[in-house]
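Heads up, the thing below is written out as structure tokens.
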Amino acid sequence: MTGKGTPGAHDVPSGNAASSLPIELRSVSKSFAGIRVVHSVSFDMHPGEVHALMGENGAGKSTMIKIMAGLHQADEGEILVNGRVVKFASPKDAHAAGIATVHQELLLFPELTVAENIFLGQTPKTRLGTIDWQKMRERSRQLLDSLDSGDLDIDQKVATLSVGNRQRIEIARALAQDARVLIMDEPTAALAEADVQRLMAIVRNLRDRGVAIVYVSHRMPEIFALADRVTVLRDGHHVATKNISDVDEPALVSMMVGRAIDRLYPAKQGTDGDVILELKDVSYRSVVRGISLKLKRGEILGLAGLVGSGRTETALTIFGITPATSGEILIDGKAQAIASPEAARDLGIAYIPEDRGSQGLIRMQTIEENVALANLKRLMRGFLVDAARVTAEAKNAITKFGIRARGPEQLVRQLSGGNQQKVVLGKWLATNPRILIMDEPTRGIDVGAKAEIHLLMRKLAGEGMAILMISSELPEVLGMSDRVLVMNGGRIVGEFDKEHATAEAVGTIMTRTFTNGEAA
Amino acid sequence: MSAASPAIGRSNLHRFLSGYGQEIVVLLSIVALFIVVGAVNPRFLSDNNINSIFAGNAYIAIAAIGMSMIIMAGHIDVSVGALIGVIATIAGTLAVAGYPVWIAWTVPILFAIMVNAGVGALVAYTRIPSIVVTLGMLSILKGGLITATAGEWISGMPVEFMIAQMRPFGIPSAVWFMVGLTIVAALFMRYTDFGRAIYAVGGNMEAARAAGINPERTVVGVFALHGFFAGVAGILFATQLQVIQSTVPPNLELTVITASVIGGVSILGGTGTVIGSTLAAILFACIGSALIFLNVSAYWLRAVLGLMILATVLADMARRRRAR
Amino acid sequence: MTATKLLRHETILAVLTVIALAVLASLSDKFFTVENLLNQGRLMSEVGLVALAMTFVIVTGGIDLSVGSILGLTAILLGVFWKNLGLPLPLAMLAAIACGTFAGWVNGFIITRFRVPPLIATLATLALYRGLAEGISEARSVRGYPEWFFFFGQGEVLGVPFQLWLLGLATVIAAVILGLTPFGRATYAIGANETAARFSGIRVNATKLWIYTAAGFLSALAAVVFVSRVTTTRSDMGTGLELDVITGVVLGGTSIFGGRGTIIGTVLGLILIQALKNGLSLSGVKGDGTIVVIGLVLIGAILAGALFDRNRGG
């Protein structure tokens, strides 16, 4: 708050117009492992404004906010707080400069009370130096009341609270630190509709008090309802910063998507195969609601939607991780109870999960161990695993998918993202599946490997594979899919064939229906 | 919505009960036990017996205070029984050798703090799980103790050394220690930053770091504190009888851990109070004594303890799943 | 985890073991005699049997603290079934082993069904099973077993103690299962990344249940050998066994975090510990001084492993 400069800070004469800016980034660049993810981006915040930061996945948004929060250090460029150049060596320095973050994963202590969660690390003290619980509770009460959250019990344990309530506690925590800049990273991603409305009211409340809010979100209606300015990033470059009144939704979408889509993706073929997978009114608890869909041989069916819209949850239900609580799943027209991933695999279903590191791969094991894992039953001789066949299978996958590795004995964690993804593919294609579910198939993968995986998907479809592809990247959905289904609030809210699937049409229905509450 | 009244549907009493639920259950169990067993066999309520229940087990309750802190921080220590044995032996040896009493009391406690701070440093900075480090320590302390003493008992300690047998204001000093340390520890856990840091680190290490707490230093500190309580427990253990057996009290670590868990300290860290562990230690002592007075074989005591841990842990798991 | 890397720890351990054996042999001429070595083998058989199962448990990222109590409980039940219930001894043996195996299954059930951390679940059953042993026996020991029964603990086949044959056979089976079968692959996968294992169609809970049940079975088997060796049944049998077993397994290179470890390593770890115990006592170190050495070796080995991992940037 005091604008505590860290070593290297030098003063800019006060009274300068720039000195009132609570944070300003000038020509900031950042690379990871030699790949530049942020190219000389400038960004500033005025007191009392909501500044939306937009872009597709991988556009550099999260790197930008991590630089502001002190989690990453910029390679080039400078950060100014109140007109002084500062360096954030750690999140602590950023806190001291009045910058707070509402984390997506909500860093709270479930077993402690609301009041203590708000003040932990900077508790009010009595004259004896002990914690002043009374003052802490009073100030928590005031803070929450000032956030229109009088209904939150400050003595309740956080473990019992909903996500929306927890988020409000994190916001109160930031206020308790006297934050002048509040970074909100996809704050509505995991919220129910009523909580979204409430959050928006709180954001306006903060803005009116002079807090500058960096608002990261994909959801157009929220952006237009809240933001004063919007900055769009694409592939790590700054595309534009505009007043919200100067842009409309299609303009924003085209700024975000930017490039022409068609030429980057392999040509589509016509498909008219038989229906191999059919879902009839399938539900899982309240996250997957009455999904009905048909998937044909040789088809790539795109499943679009925002994070939390039920896409991945639907895939997990088909794959038997969270077996359906109602409805029917038919394979080749026969109803099947898929109670576990083994059952799904034995029915010819393969699932390439969205989180490679924790769900797709065993990073401390070798390529051949990973490739064999889903297919052990078939790679046996007698009671034993046939090591020679395991190696052969891995070698086969390496040549077939062009995995760049020293050999089947290389540890998976030493491979690049693209090559890791190919190992996951190799593992599942070794089971000879007929239905391939790919969840975010190219997330965190560089452009070259992306194209290779897209080509491979098209080739597999050409050979008769039925592919269900889930993606947050609109260009990928549009470029790859023969048909697009859009999910929102756990339901399917739209279907487009390839002629009618445009960025505007799909993007609009992805974001709009949700906030309008039409999904119900 | 701002008009909503605070604390909807939750009275102060309700909140108190939910915050101290486990402690209240344990306390009621103790009371019920006294009433029932006392009715069956009035000798259970004799001064002598009550004295021996409280004074004889005070050292377990004190060790359980430190263990509760360790578990709240998300760790465990299975070497505490051996440490208490070592402390008792060092203290007795010093006392018999003619050192001033205050040296015989404080030096072993300092030793315990240092040993455990070392264990804490290993756990915090090398990321070796505490179960492995303390298993190793158990072995080192136990072996070292038996080797050094060759199993011989220590006796003939000076009278002024026998602190556990003193009775200020007619109440055994062990009980004073138990009550006093429990209150001090409870206040410490509630009103100091370090006390809260223990809960924070055990509850969510990354969130603690983000809140400006240094988790490594907290872990070293909590192990050192645990060493202090083990040290005091060792001194009381050394001075409650006329001889020190120079062996590790069998399964003491298990009793201490059980007291913490049944007193409401969640084994997954981040929650619990030291009052609960003291009450639980008293409860065990009562159960052990009650079995004798009810003519039930005391051999079933440990099976009862095992069932109690299991029930408490399962209840804790169920509670957490509901909360999610 | 290539074969060469996997074996690196085992190679170091093997060299260490050979050096220890050489040093100990030079310290005492009684050490390197066939009689002494076979006798040492006899003494390490019970720990060895349990350590085989514990290797699987720890490779999955779990732990089982209740093995010593299962051993004690099985021993007591053997005595009770035979002497108090009057079952024929062979039948009593089978029944007691079945009970011990069931005790292991209960561990697995609590861990997989209720998701209780293995450390806590088995800490509770450690108390419970030992308590049952104490309660059932009321500290009375059972003696007077028939002569033929002592074969399991004292007998020899072709000049080699019976339990060494048993341990050898169990070792080969365990090594084959862990190293060469789909079950073994599943065990490693669960320890290395349980979620990814589940997403790859591995039956995670079933695998774990089998492993904890096997730990119960081998502890029960060890109990029969133990009773036969010492000719009597007491409720405190196997107290502290878990420490010896875990030390051997961890010293053998099995990562306490799971995902890594071999049966060969465990066997080498056990041999090293037994050799240290025996050698030190032969060269005049008092019995319990050896425990200190084992504790130091345990912490040292893990510390070395942790630093080694860090240097590799793991």
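Before moving on, here are some points about what is shown:
- Total residues in the range A:124-148, condition free of Cβ contacts under 8 Å to residues at least 40 places away in the same chain, within 23 Å of B:Asn204 (Cβ to Cβ) and assigned to a loop (DSSP other than H, G, I, E, B): 1
- Within the range A:407-419, the set of residues being within 14 Å of chain C (Cβ to nearest Cβ) and within 20 Å of A:Ile445 (Cα to Cα) comprises A:Gln410, A:Leu411, A:Val412, A:Arg413, A:Gln414.
- Residue check, B:Gly92 within 14 Å of another protein chain (Cβ to nearest Cβ) and either assigned to a helix (DSSP H, G or I) or among the acidic types (Asp, Glu) (or both): no
- Single condition A:Ala374 does not satisfy, out of (1) closer than 30 Å to A:Lys268 by Cβ; (2) more than 9 Å from every other protein chain (Cβ to nearest Cβ); (3) buried (at least 19 other Cβ atoms within 10 Å of the Cβ): (2)
- Taking the range C:107-120 as the range and being at the interface with another protein chain (Cβ under 7 Å from one of its Cβ atoms), without any contact (Cβ under 8 Å) to a residue 24 or more places away in the chain and of a type in the set (A, V, I, L, M) as the test, the residues that pass are C:Val116, C:Ile120.
- Residue under evaluation B:Pro250, criteria (1) surrounded by 22 or more Cβ atoms within 10 Å (Cβ to Cβ); (2) away from chain A (no Cβ under 14 Å); (3) out of contact with any Leu (no Cβ under 7 Å at 6 or more places or on another chain); (4) part of a loop (DSSP other than H, G, I, E, B), criterion not met: (1)
- For A:Ala52, the criteria (1) modelled with pLDDT of 90 or more; (2) assigned to a loop (DSSP other than H, G, I, E, B) hold in every case but one, which is (2).
- Residue match in the range A:334-346 (condition: among the hydrophobic types (A, V, I, L, M, F, W, C), more than 10 Å from chain C (Cβ to nearest Cβ) and in contact (Cβ under 8 Å) with a residue 40 or more places away in the chain): no
- Failed criterion for A:Asp208 (all others in (1) within 30 Å of A:Gly83 (Cβ to Cβ); (2) at the interface with chain B (Cβ under 9 Å from one of its Cβ atoms) hold): (2)
- The listed residue being touching a Gly at 6+ places or on another chain (Cβ under 7 Å) and either in a strand (DSSP E or B) or at pLDDT below 85 (or both), out of A:Leu182, A:Leu233: A:Leu233
- Qualifying positions in the range B:59-89 - of a type in the set (Gly, Ala, Ser) and in a loop (DSSP other than H, G, I, E, B): B:Ala73, B:Gly74, B:Ser79
- Lone qualifier among A:Glu504, A:Glu499, A:Glu476 - being surrounded by fewer than 20 Cβ atoms within 10 Å (Cβ to Cβ) and either in contact with an Asp or Glu (Cβ under 7 Å, 6 or more places away or on another chain) or modelled with pLDDT of 80 or more (or both): A:Glu499
- Residue check, C:Ala214 in a helix (DSSP H, G or I), within 12 Å of chain B (Cβ to nearest Cβ), among the small types (Gly, Ala, Ser) and within 21 Å of C:Val59 (Cα to Cα): no
- Of the residues in the range A:379-390, not one is in a helix (DSSP H, G or I), closer than 27 Å to A:Met469 by Cβ and more than 7 Å from chain C (Cβ to nearest Cβ).
- The set of residues from the range A:96-123 being assigned to a loop (DSSP other than H, G, I, E, B), under 23 Å from A:Gly210 (Cβ atoms) and more than 9 Å from chain B (Cβ to nearest Cβ) comprises A:Ala97, A:Gly98.
- Residue check for A:Ile398: among the aliphatic types (A, V, I, L, M) and either in contact with a strand residue (DSSP E or B) (Cβ under 8 Å, 6 or more places away or on another chain) or modelled with pLDDT of 90 or more (or both): yes
- Residues being away from chain B (no Cβ under 14 Å), small (Gly, Ala, Ser) and assigned to a loop (DSSP other than H, G, I, E, B) - total across the range A:65-88: 2
- Summed over the range C:250-272, the residues that are within 11 Å of chain B (Cβ to nearest Cβ) and within 18 Å of C:Val18 (Cα to Cα) give a count of 1.
- All positions within the range C:156-204 that are of a type in the set (Gly, Ala, Ser), away from chain A (no Cβ under 14 Å) and either over 16 Å from C:Leu221 (Cα atoms) or in contact with a strand residue (DSSP E or B) (Cβ under 6 Å, 6 or more places away or on another chain) (or both): C:Gly159
- Residue match in the range A:404-413 (condition: within 27 Å of A:Val307 (Cα to Cα), surrounded by fewer than 16 Cβ atoms within 10 Å (Cβ to Cβ) and in contact (Cβ under 8 Å) with a residue 12 or more places away in the chain): yes
Quick grid of which residues meet (1) within 26 Å of C:Ile177 (Cβ to Cβ); (2) assigned to a helix (DSSP H, G or I); (3) modelled with pLDDT of 90 or more:
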{"position": "A:Tyr351", "(1), (2), (3)": "no, no, yes"}
{"position": "A:Glu354", "(1), (2), (3)": "no, no, no"}
{"position": "A:Gly357", "(1), (2), (3)": "no, yes, no"}
{"position": "A:Lys377", "(1), (2), (3)": "yes, yes, no"}
{"position": "A:Ala394", "(1), (2), (3)": "yes, yes, yes"}
{"position": "A:Ile403", "(1), (2), (3)": "no, no, no"}
{"position": "A:Lys427", "(1), (2), (3)": "yes, yes, yes"}
{"position": "A:Ile445", "(1), (2), (3)": "no, no, no"}
{"position": "A:Glu452", "(1), (2), (3)": "no, yes, no"}
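- Qualifying residue in the range B:93-111 (condition: surrounded by fewer than 19 Cβ atoms within 10 Å (Cβ to Cβ) and within 29 Å of C:Thr239 (Cβ to Cβ)): yes
- Of all residues making up the range B:271-319, the number that are closer than 22 Å to B:Ala63 by Cβ, outside any helix (DSSP H, G or I) and β-branched (Val, Ile, Thr): 2
- The requirement of being within 14 Å of another protein chain (Cβ to nearest Cβ) and in a loop (DSSP other than H, G, I, E, B) is not satisfied by B:Gly136.
- Residues considered: B:Val265, B:Val304, B:Val220, B:Val274. Of these, the only one that is at pLDDT 80 or above and surrounded by 24 or more Cβ atoms within 10 Å (Cβ to Cβ) is B:Val274.
The values are calculated or read from the model by the stated rules, or taken from the named source; none is laboratory data. Bear in mind that the values here come from a model prediction, so they are computed numbers and not experimental data. Positions of Cβ are backbone-derived with ideal geometry, glycine not excepted, and every protein chain shown enters the neighbour counts.
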